[in-house]
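Beneath this line is the structure, given in structure tokens, with notes to follow.
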Amino acid sequence: MGGKFLLRIEDIDHGRCRPEYTEAIFQDLAWLGLSWAEPVRIQSEHFADYQAALDTLIDKGVAYPCFCTRKEIQREIARAPSAPHGPAGAVYPGTCRGADKVAADDRIAAGDAHAWRLNLDAALKITGRNLTWHDETRGQVTAEPDTLGDVVLARKDTPTSYHLSVVCDDALQDITHVVRGKDLFHATHIHVVLQHLLALPTPRYHHHKLLTGSDGKRFAKRDKSTTLTQLRADGVSPPALLSSLLDKMKD
């Protein structure tokens, strides 16, 4: 298509991301035959960009601080069996959405741990509900952000989230086509909302099938699934691997 392939290192989680992992990505992809434009955007070097976007959302009145712990959220959901559920499980019940602003500011000033959440109801009053995007396999898709609710935009220890950072980066890097796994299809419902709130363009999306093992489960690091590094060490050639991947796509 005459486009440009970009590599982005999404390393906002300092607890799990390490320099050696980034170097392994470079080595694996180069072995596979991929090349990419320089410089590579490394998200941990651009927290100021995401903070600026978060400040915009706060100024618009569509983000609020949440002081709930995961256990507190789970208890709240357990008390309300009819709580809405989405593709990622139970939706955050909005415990802190209507909290007193002065009291919340005092807690933030005191250093209390908190996250910033999207106030979806307030956001949709600005954007409207007729939000769409083009998906290469599903055609025109109408966003249903209620399935995810008031998602986390940032945390005190991690000043951004996947949702906020990729929306910002896609715009900053002039991304026209996003190709990612179908496990992220539902995230796009929220990304379209953020793009409209931040006056950013909406790319075209393709959510592809996931690679799975012989047991039908998707490859995941926690399951110690086969990696490119392991395949390379086992003597698998890049052409053989690409041929195998193409066969899987046809299935």
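Keeping to the stretch 128-167, report how many residues are crowded, with 19+ Cβ neighbours inside 10 Å and of a type in the set (S, T, N, Q).
Here the count works out to 3.
If you go through the stretch 1-28, how many residues are touching a helix residue (DSSP H, G or I) at 6+ places or on another chain (Cβ under 8 Å) and either closer than 21 Å to residue 175 by Cβ or in contact (Cβ under 8 Å) with a residue 60 or more places away in the chain (or both)?
Within the stretch 1-28, the subset touching a helix residue (DSSP H, G or I) at 6+ places or on another chain (Cβ under 8 Å) is 7-12, 14, 17, 24, 27-28.
Now drop any that are not either closer than 21 Å to residue 175 by Cβ or in contact (Cβ under 8 Å) with a residue 60 or more places away in the chain (or both), which leaves 7-12, 14, 24, 27-28.
Counting residues in the stretch 1-28 that are touching a helix residue (DSSP H, G or I) at 6+ places or on another chain (Cβ under 8 Å) and either closer than 21 Å to residue 175 by Cβ or in contact (Cβ under 8 Å) with a residue 60 or more places away in the chain (or both) gives 10.
Of (1) of a type in the set (A, V, I, L, M); (2) more than 30 Å from residue 96 (Cβ to Cβ); (3) in contact with a Ser or Thr (Cβ under 7 Å, 6 or more places away or on another chain), residue 6 satisfies all except one. Which?
Among (1) of a type in the set (A, V, I, L, M); (2) more than 30 Å from residue 96 (Cβ to Cβ); (3) in contact with a Ser or Thr (Cβ under 7 Å, 6 or more places away or on another chain), residue 6 violates only (3).
Give all pairs with beta carbons closer than 6 Å in which a residue from the stretch 42-62 that is part of a helix (DSSP H, G or I) meets a residue that is surrounded by 15 or more Cβ atoms within 10 Å (Cβ to Cβ) and hydroxyl-bearing (Ser, Thr, Tyr); count only pairs at least 6 apart in sequence or on separate chains.
43/165; 50/160; 50/165
Can you confirm whether the stretch 194-213 contains a residue that is in contact with a Leu (Cβ under 9 Å, 6 or more places away or on another chain) and of a type in the set (Val, Ile, Thr)?
yes
Cβ-Cβ below 6 Å, separation at least six or inter-chain, first residue in the stretch 69-85 and more than 13 Å from residue 96 (Cα to Cα) and surrounded by 11 or more Cβ atoms within 10 Å (Cβ to Cβ), second modelled with pLDDT under 80 and not charged (D, E, K, R): which pairs?
From the stretch 69-85, the pairs are 77/83; 77/90; 83/90.
Out of 72, 38, 23, 76, report the one residue that is among the charged types (D, E, K, R) and in a loop (DSSP other than H, G, I, E, B).
Details: 72 fails: in a loop (DSSP other than H, G, I, E, B); 23 fails: in a loop (DSSP other than H, G, I, E, B); 76 fails: in a loop (DSSP other than H, G, I, E, B).
Answer to the check: 38.
Where residues in the stretch 170-186 are among the hydrophobic types (A, V, I, L, M, F, W, C) and not in a loop (DSSP other than H, G, I, E, B), which of them is farthest from residue 209 (Cα to Cα)?
The selected residue is 172.
Going through the stretch 24-48 one residue at a time, which ones are of a type in the set (A, V, I, L, M, F, W, C), within 19 Å of residue 157 (Cβ to Cβ) and surrounded by 13 or more Cβ atoms within 10 Å (Cβ to Cβ)?
Here is the first cut: in the stretch 24-48, the ones of a type in the set (A, V, I, L, M, F, W, C) are 24-26, 29-32, 34, 36-37, 40, 42, 47-48.
Checking which are within 19 Å of residue 157 (Cβ to Cβ) leaves us with 42, 47-48.
Across the stretch 24-48, the qualifying residues are 42, 47.
Considering each residue of the stretch 34-76, count those that are in contact with a Pro (Cβ under 7 Å, 6 or more places away or on another chain) and charged (D, E, K, R), and give that number.
Of the residues in the stretch 34-76, 1 are in contact with a Pro (Cβ under 7 Å, 6 or more places away or on another chain) and charged (D, E, K, R).
Would you confirm whether or not the stretch 186-208 contains a residue that is β-branched (Val, Ile, Thr), at pLDDT 85 or above and surrounded by fewer than 14 Cβ atoms within 10 Å (Cβ to Cβ)? Please lay out each step first, then the result.
Taking the stretch 186-208 first, the residues β-branched (Val, Ile, Thr) are 188, 190, 192-193, 202.
Cutting the leftovers down to at pLDDT 85 or above gives us 188, 190, 192-193, 202.
Restricting the remaining residues to those that are surrounded by fewer than 14 Cβ atoms within 10 Å (Cβ to Cβ) gives none.
No, the stretch 186-208 contains no residue that is β-branched (Val, Ile, Thr), at pLDDT 85 or above and surrounded by fewer than 14 Cβ atoms within 10 Å (Cβ to Cβ).
Where residues in the stretch 98-131 are free of Cβ contacts under 8 Å to residues at least 40 places away in the same chain and among the aliphatic types (A, V, I, L, M), which of them is nearest to residue 153 (Cα to Cα)?
Among them, the one singled out is 99.
Quick test for you: out of 64, 21, pick the one residue that is loosely packed, with under 14 Cβ neighbours inside 10 Å, of a type in the set (Phe, Trp, Tyr) and within 23 Å of the chain's Cα centre (by Cα).
Working: 64 fails: loosely packed, with under 14 Cβ neighbours inside 10 Å.
Among 64, 21, only 21 is loosely packed, with under 14 Cβ neighbours inside 10 Å, of a type in the set (Phe, Trp, Tyr) and within 23 Å of the chain's Cα centre (by Cα).
Residue 146 versus (1) part of a helix (DSSP H, G or I); (2) without any contact (Cβ under 8 Å) to a residue 40 or more places away in the chain: which is the lone unmet condition?
(2)
The values are calculated or read from the model by the stated rules, or taken from the named source; none is laboratory data. Values in this document were obtained by computation on a predicted structure and should not be read as measured data. Because the Cβ atoms are built from the backbone with ideal geometry, glycine has one as well, and the counts that use them run over all protein chains shown.
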